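See structure below.
The values are calculated or read from the model by the stated rules, or taken from the named source; none is laboratory data. These numbers come from a predicted model, not from an experiment. Here the Cβ positions follow ideal geometry from the backbone for every residue, glycine too, while neighbour counts run over all protein chains shown.
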Amino acid sequence: MNRIGTLAIATLAIGTTWAQAIAQTAKDFVGAWTLVSSTTEHGGVKSDTFGSNPKGLLVFDAGGRYVVTFFAANLPKFASNNRAGGTPDENKAVVTGSFAHFGTYTVNEADKSFSFHIENATFPNWDKTEQKRPFVISGDELHYTSPVASAGGEAALIWKRAK
């Protein structure tokens, strides 16, 4: 292949990747996403927010509603086999190892951000609040940051479109 042909293919490949990265509209959010990673930086120290191999699901519907859940992979089973009968240690592990909220969302395509309009959360301080997130969608991955994470610090999240 000649240089012009190679350059044309390279330009097309780069242009296609770039177009996928900037094709970020409200429609691009719709669907289910599984958690790849959630890291928090607090006081200059980075850590896995929900430990290694976290689990999570984020669903955006076409009508503007969402639900998001996070779980540590190693949540303890309750010895009592009763959710309301956990020991203080079991309850603490579940509270620090899981998080969920739901409500509506809006996408600001101009500044590449979206906002969770939280109706209810397992961290009640977030009930009836708006949480704005800068984002990038690249291929099947959604990356966003939370400048004020629920447990303090700043969180960086990566989600993969569920198939």
Q) What single numbered condition from (1) modelled with pLDDT of 95 or more; (2) of a type in the set (Val, Ile, Thr); (3) loosely packed, with under 13 Cβ neighbours inside 10 Å fails to hold for residue 148? A) (1)
(Q) Can you pull out every residue in the stretch 85-136 that is crowded, with 17+ Cβ neighbours inside 10 Å, more than 19 Å from residue 155 (Cβ to Cβ) and in contact with a strand residue (DSSP E or B) (Cβ under 6 Å, 6 or more places away or on another chain)? (A) 107
(Q) I'd like to check something: does the stretch 10-33 contain any residue that is under 27 Å from residue 153 (Cα atoms) and modelled with pLDDT of 95 or more? (A) yes
Q | Subset of the stretch 117-163 [in a loop (DSSP other than H, G, I, E, B), touching a residue at least 24 places away in the same chain (Cβ under 8 Å) and farther than 24 Å from residue 92 by Cβ] | A | 139, 162
(Q) List the strands (runs of 3 or more DSSP E) inside the stretch 42-101, counting only whole elements, that have at least 1 residues being free of Cβ contacts under 8 Å to residues at least 40 places away in the same chain and under 20 Å from residue 121 (Cβ atoms). (A) 55-60, 65-71
Q. From the residues in the stretch 102-113 that are part of a loop (DSSP other than H, G, I, E, B) and free of Cβ contacts under 8 Å to residues at least 40 places away in the same chain, which one is farthest from residue 36 (Cα to Cα)?
A. 110
